[in-house]
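Undergrad: Dumping the structure here so I can ask a few things about it.
Rule-based calculations on the coordinates, nothing more; no lab input. These numbers were taken from a predicted model, which means no experiment stands behind them. Cβ: placed from backbone, ideal geometry, glycine included. Neighbour counts: every protein chain shown.
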Amino acid sequence: MQHNKQRVVIAGGGTAGWMAAAAFTRLLQDRVDVTLIESSDIGTVGVGEATIPTLVYFHKLLNINEQEFMAATHATFKLGIQFEGWRKPEHSYLHAFGNTGKPSWACGFQHFWRRGQSLGIASDFGDYCLEGVAAKAGKFAHLPHNGLNYAFHLDASRYAGFLRKLAEQAGLTRIDAKIDKVNLRPDDGFIDSLTLDDGQHISGDIFIDCTGFNGLLIEQALHTGFEDWSHWLPCNSAVAMQSEIHQRPQPFTRSVVHQAGWRWHIPLQHRMGNGLVYCHRYMSDDEAISQLKVSVEGDALHEPKLIRFQTGRRLKQWNRNCIALGLASGFLEPLESTSIHLIQQGIVRLLRMFPQAQIEPSVADEYNRQSLNEIEHIRDFIILHYYVTQRSDSPFWQHCQSMEVPASLSHRIELFKQTGQVFKQGNELFDDSWQQVMIGQGLMPKGYHPFADTLSADELQDFLEHVKHDIQRKLAPLPSHEQYLKSYCQ
Ligand SMILES: Cc1cc2nc3c(=O)[nH]c(=O)nc-3n(C[C@H](O)[C@H](O)[C@H](O)COP(=O)(O)OP(=O)(O)OC[C@H]3O[C@@H](n4cnc5c(N)ncnc54)[C@H](O)[C@@H]3O)c2cc1C
């Protein structure tokens, strides 16, 4: 059956807009005409440089050559995030991308580890995760059968440029102009067209709102509504600053606590990305800027940029003929580098549900239901870091420790505390990560699964040693991350 081409209009050319543009042009080639409108006068948010492993699969879907991508975006490999001072001052742990230890059919590895710990024969939980140990050793290589899970640190503006090239090669039309007006159809309130400041009218069938925090289409025109989550995720500001790199790029992001939030350090091939996230009820902008400047090791490449945000989600990601992606759809906060992941999930979901001739409300409802499920799981995971802390050394951390958290998160914490059990819910993103972060933050289960008692103490010790030995065996031949980058990104 012959379908007319759908006219897809993407408003905004940040990471969200260009990821969507590359995906639609490359994967829906004959079915869509894609136009992207961005305003170089307005610019992009300019941050968002740490990712999680799902991006590897997104690139595979788009048939992107990894070496070309890494060379173009000056990317480095990322094996996890090192959380410094989150449990208490001077303590750090790594949330790594792999699985920890070896589970049995009856229960997860944490039960064996917990018993080993009570017997004094287990070391740090992180010592049993290949990716975590490789990150600390500063090593990296691609291993057969995805043997080492990884993501990337990338230069956001170069990434947008890289994707733009792919999309334009595949036939995308780009317009550099400011959208002045969103015109709605009088009969059903769907978006009909966009009026640009150069006088053009751009009509479309489907509009993708990637205009950032403003949500020009989804909120300002369609008044979709926003659910505020700042009572759970109180940080609402960031200052960001790039600096010269003067040490070997480590294959992990650093997340370092301060008295009113945390800061990130992201190593790229050519520079560092740094930022300080804070709640401005507890810290002034001037204080944030001066703390960031003091913490940055290399010379600054520009003055710090201040960004305000509100954590929460758009009530509908898909409203009428508009789908919001990226910051226009809501924002958790950057702690677990999940925003780019949510963009790609939105794109893939939309590709799967791509409307034929007309938009069925049931399809939009299903899209919104899946999006809500997904973001709520990630929200809970991020709140966990703030809530489960032994820090009470500032009003901000006292607030975090004592805040009420969503019932879904209380349940998980209680289950883990009492039994050490963690169950993955539906298609949720995080799995082993829950154990890693709960234990890393100092939440020790009272007990463990009786199955862990089926081994004698000697057998358990052998088992735990075997896991570590296996990690060392895999790690020994790996080059340093720096060496590997040099040869891979030539
Ligand atoms: C402090 C901070 C740190 C972050 N760190 C991470 C991280 O480490 N990892 C991660 O995954 N995510 C991170 N994020 C989120 C990430 O930055 C975004 O998800 C990503 O950059 C996508 O942004 P965007 O494309 O939605 O918006 P933007 O980059 O803001 O792009 C908006 C686009 O819309 C255009 N536009 C707006 N209004 C108009 C108009 N009227 N006319 C025409 N064009 C218009 C702009 O010109 C721009 O092109 C972070 C976010 C913040 C705030």
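Undergrad: Given the peptides 203-211, 91-99, arrange them by the average over their residues of other C-beta atoms within 10 Å, most packed first.
TA: In decreasing order of mean packing, 203-211, 91-99 become 203-211, 91-99.
Undergrad: Now a separate question. Full-extension gain between H91 and K60, please, as 0.36 nm times their residue separation minus the C-alpha to C-alpha distance.
TA: That pair, H91 and K60, stretches by 7.4 nm at full extension.
Undergrad: Along Cα→Cβ, 7 Å out, is where each label goes; now give me the distance between the ones at Q259 and K446 in nm to one decimal.
TA: Once both label points are built, they end up 3.7 nm from each other.
Undergrad: Run the numbers for S362 and L119: contour at 0.36 nm per residue of separation, minus the present Cα-Cα distance, in nm.
TA: Taking S362 through L119 to full extension adds about 82.0 nm, to one decimal.
Undergrad: Check K181: other-chain or 5+ apart residues with amide H under 5 Å from its amide H, H built from backbone geometry?
TA: Sorted by chain and number, the residues that satisfy this are T195.
Undergrad: Check cross-link reach from K139 to the lysines: straight Cα distance under 20 Å, and skip same-chain residues fewer than eight apart.
TA: K78, K468, K474, K486
Undergrad: Right, another one. Quickly estimate the mean residue ellipticity at 222 nm for the chain, helices only: each DSSP H run with n ≥ 4 gives -39500 (n - 2.57), and the total goes over all residues, rounded to 500.
TA: Here the helix-only value at 222 nm equals -11000 deg cm²/dmol.
Undergrad: For I202, I81, which order do you get if you count the other beta carbons within 10 Å of each Cβ and list the fewest first?
TA: I202, I81
Undergrad: Tilt of helix 457-475 relative to the longest C-alpha principal axis of the chain, in degrees (0 to 90, nearest 10)?
TA: 50 degrees
Undergrad: Among V256, V32, V9, which comes first, then next, by fewest other beta-carbon atoms within 10 Å?
TA: Details: V256 16, V32 20, V9 26.
The fewest-first ordering by Cβ neighbours comes to V256, V32, V9.
Undergrad: Same structure, new question: For the stretch 379-488, state which chymotrypsin sites (Phe, Trp or Tyr not before Pro) are in a DSSP loop and have at most 13 other beta carbons lying within 10 Å of their beta carbon. Intermediate results must be reported in sequence, preceding the final value.
TA: Working: sites: F381, Y386, Y387, F396, W397, F416, F423, F430, W434, Y448, F451, F463, Y484, Y488; in loops: F423, F430, Y448.
Here the sparse-neighbourhood loop sites are F423.
Undergrad: Right, next: Which of the aspartates and glutamates could a cross-linker bridge to K178, judged by Cα under 18 Å and excluding same-chain residues fewer than eight apart?
TA: E38, D41, D192, D197, D198, D209, E219
Undergrad: Could you please rank D155, D285, D41, D187, placing first whichever residue has the fewest other Cβ atoms within 10 Å of its Cβ?
TA: D187, D41, D285, D155
Undergrad: Aspartates and glutamates within cross-link reach of K424: Cα-Cα under 20 Å, excluding same-chain residues under 8 positions apart?
TA: Output for K424: E336, E374, E376, D380, E414, D432.
Undergrad: Using DSSP to define loop residues, name the trypsin sites (Lys or Arg not before Pro) in the stretch 1-61 whose beta-carbon has at most 16 other beta-carbon atoms within 10 Å.
TA: Of the trypsin sites (Lys or Arg not before Pro), the ones in loops of the stretch 1-61 whose Cβ has at most 16 other Cβ atoms within 10 Å are K5.
Undergrad: Which GluC sites (Glu not before Pro) in the stretch 35-96 pass both tests, a DSSP loop state and at most 13 other beta-carbon atoms within 10 Å?
TA: Values: sites: E38, E49, E66, E68, E84, E90; in loops: E49, E90.
The qualifying sites are E90.
Undergrad: Subtracting the Cα-Cα distance from 0.36 nm times the residue separation, let me have the gained length for D285 to H411 in nm, one decimal.
TA: Taking D285 through H411 to full extension adds about 41.7 nm, to one decimal.
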